[in-house]
Amino acid sequence: MAYFLKKILESANRLNSTNSSSSSSLNLNFSISSHASVSDQVIVCSSSTGEFDRIPIDIFMQILKLLGPKEAAKLIVVCKSWKLIVSCNNLWIYYLQNKKDPWDAMFFAESNLRSGYPLRSYPSQMQSFMQIYGQRAQVPGAIIIDGGSGYCKFGWSKYGSPSGRASTFMEFGNIESPVYSRLRHFFATMYSRMQVKPSSQPTVVSIPISQYGDREAAKTARRQLKEAVYSALFDLNVPSVCAINQATLALFAAKKTSGILVNIGFHQTCVVPILNGKIMHKVGVESMGVGALKLTGYLREQMQQRNLNFSSLYTVRTLKERLCYVAIDYEGELRKDTEASYEVPVEGLFTLKQERFRTGEILFQPRIAGLRTANGLHQAVAICLEHCHAAGLTPDETWFKTIVLAGGTACLPGVVERLEKELHVLLPPSISNGIRVIPPPHGADSAWHGAKLLSNVSSSFILPLVVSLITKSLVFDMM
Ligand SMILES: Nc1ncnc2c1ncn2[C@@H]1O[C@H](COP(=O)(O)OP(=O)(O)OP(=O)(O)O)[C@@H](O)[C@H]1O
């Protein structure tokens with residue numbers, strides 16, 4: 001490295017002599033004051049780095065960027081002057097930006113999730129980015145299991161996406177057996193699919209959105225489910241567990257800690273108000289009995305009515321994902337030619353017409369599929385917005401005007417636009433002004449990505465390890 005720096009110094013000197021008349025920046029010397037706040041742009045200096053004083057600070061920073069974080073960190077021990085230069089936040093932001101994880105997501109996690117639960121409504125004290133870099137590098141990583149009610153997503157927190165998906169309803173075992181044994185069977189299956197020993201890693205697990213009432217019975221049911229999850233995992237010798245509800249995780253994935261999370265799930269749709277990472281059960285969680293399974297079922301019914309033959313439900317699901325959408329104006333769409341085709345491997349070419357938008361329409365008009373559910377998606381969300389408004393939990397009402405969608409079905413093209421349009425029709429301007437509907441941040445994997453953000457936060461490795469050694473207790477608990 002010294003050789004490398006020497007070479008750069010030599011070339012800087014050469015440049016200095018040839019460009020001395022044209023470039024003033026290369027003639028600038030710098031020295032360092034111990035009181036200075038260090039940045040790429042401003043280094044006010046009084047002590048010296050010796051020979052290196054002759055290199056302009058921006059070139060110096062370029063050199064450090066080229067050296068990389070490991071080498072740069074070693075330079076800290078040279079002297080105070082070097083330490084000050086190398087500790088520069090901009091330099092470590094640069095290193096962090098060049099890691100695999102997107103910078104904005106990492107910044108959100110470090111500024112909002114570092115304090116753990118309960119989340120503070122004010123941002124936690126930010127450490128220097130050099131410290132954050134060092135601590136994140138030491139986080140051992142975790143196994144993430146997002147057990148959706150239809151599909152489970154599992155994988156490593158250090159990876160960009162889940163390493164696998166499994167049909168949850170198949171893996172849970174006998175539906176008659178008690179929750180504890182079903183959970184234990186389910187988690188054991190996930191670990192064996194990942195080919196890891198449960199005892200080798202901390203685990204972040206999502207808890208399904210269920211029993212959302214504010215009554216004692218609902219609270220007890222939530223607590224029992226949570227306890228069954230912990231017992232099942234600790235009995236498998238998992239060293240530490242972080243169990244958080246799916247809705248909060250999906251909201252984190254959108255880089256938000258407050259807002260309304262709308263999860264269009266496998267069996268049902270839930271509208272969950274969340275303030276500072278906490279579900280507002282008192283305000284009320286809305287739910288409707290329409291989910292992905294109903295959409296697939298309704299498309300199958302329509303295809304059968306048109307004598308379109310298929311041999312498996314997988315074909316119907318594929319056509320739903322490839323050809324279906326939600327119309328912004330349903331009546332207008334009925335008058336259009338909307339025919340489109342898709343070739344399903346092995347099964348052949350399928351052509352859908354009105355089925356393309358009638359399928360998704362049951363989210364807004366469940367009755368067209370003969371469903372008795374009273375409310376459509378827009379009505380359920382509007383009720384939740386009204387309740388948030390009436391509850392007056394904060395002087396500033398903007399927290400509930402961000403509506404984040406989650407779940408695979410929310411990926412249907414047109415859902416965002418239609419929901420936004422219907423909400424403006426249903427709600428008075430005092431509530432609807434400023435609302436924003438955000439598409440699922442990571443498709444069907446939103447909750448998994450929210451868990452990933454938490455698992456890699458620079459503070460998260462300290463607590464789990466300590467807790468696991470002492471009590472095998474919980475780190476976070478956000479039911
Ligand atoms: N791009 C897409 N368009 C439409 N539907 C999709 C798309 N991607 C996935 N889906 C559907 O989403 C469904 C699975 O959704 P998801 O993985 O969110 O369920 P889940 O997490 O098991 O449900 P829950 O939230 O109830 O636990 C499947 O029926 C799948 O067909």
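So that you can scan it fast, the table gives a plain yes or no per residue for (1) among the polar types (S, T, N, Q); (2) farther than 28 Å from residue 457 by Cβ; (3) part of a helix (DSSP H, G or I):
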{"position": "181", "(1), (2), (3)": "yes, yes, yes"}
{"position": "187", "(1), (2), (3)": "no, no, yes"}
{"position": "191", "(1), (2), (3)": "no, no, yes"}
{"position": "206", "(1), (2), (3)": "yes, no, no"}
{"position": "225", "(1), (2), (3)": "no, no, yes"}
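Which residues, counting only those in the range 269-296, are within 13 Å of the ligand (Cβ to nearest atom) and free of Cβ contacts under 8 Å to residues at least 40 places away in the same chain? 296 - this is the single residue of the range 269-296 that is within 13 Å of the ligand (Cβ to nearest atom) and free of Cβ contacts under 8 Å to residues at least 40 places away in the same chain.
Go through the range 137-155 and give me each residue that's away from the ligand (no atom under 16 Å from the Cβ), within 15 Å of residue 187 (Cα to Cα) and not small (Gly, Ala, Ser).
Of all residues in the range 137-155, those away from the ligand (no atom under 16 Å from the Cβ) come to 137-143.
Next cut, within 15 Å of residue 187 (Cα to Cα) only: 142-143.
Result: 143, single match.
Which ones in the range 420-450 are away from the ligand (no atom under 14 Å from the Cβ), touching a residue at least 60 places away in the same chain (Cβ under 8 Å) and either farther than 14 Å from residue 254 by Cβ or assigned by TED's automatic domain parsing to the domain that holds residue 167 (or both)? Passing the criteria: only 421. Kindly provide the set of residues from the range 270-327 that are at positive phi and within 27 Å of the chain's Cα centre (by Cα), ordered by number. Within the range 270-327, 276, 277, 284 qualify. Could you tell me whether residue 408 is within 20 Å of the chain's Cα centre (by Cα) and closer than 25 Å to residue 333 by Cβ? Considered against the rule, which asks whether it is within 20 Å of the chain's Cα centre (by Cα) and closer than 25 Å to residue 333 by Cβ, residue 408 comes out as yes.
May I ask you to list the residues in the range 232-267 that are within 25 Å of residue 403 (Cβ to Cβ) and charged (D, E, K, R)? Steps first, answer last, please.
Initial filter on the range 232-267 (within 25 Å of residue 403 (Cβ to Cβ)): 244-267.
Passing the criteria: 255, 256.
Looking across the range 355-386, just one residue is touching a Leu at 6+ places or on another chain (Cβ under 7 Å) and without any contact (Cβ under 8 Å) to a residue 40 or more places away in the chain, and that is 356. Would a scan of the range 68-78 turn up a residue that is in a helix (DSSP H, G or I), touching a Cys at 6+ places or on another chain (Cβ under 8 Å) and touching a residue at least 12 places away in the same chain (Cβ under 8 Å)? No: the range 68-78 contains no residue that is in a helix (DSSP H, G or I), touching a Cys at 6+ places or on another chain (Cβ under 8 Å) and touching a residue at least 12 places away in the same chain (Cβ under 8 Å). When you look at residue 264, is it within 16 Å of the ligand (Cβ to nearest atom), more than 15 Å from the chain's Cα centre (by Cα), in the same structural domain as residue 390 (by TED's automatic domain parsing) and buried (at least 24 other Cβ atoms within 10 Å of the Cβ), yes or no? So residue 264 fits the description; yes.
The values are calculated or read from the model by the stated rules, or taken from the named source; none is laboratory data. Everything numeric here is computed off the predicted structure, so don't read it as measured data. Backbone-built Cβ (ideal geometry, glycine too); neighbour counts: all protein chains shown.
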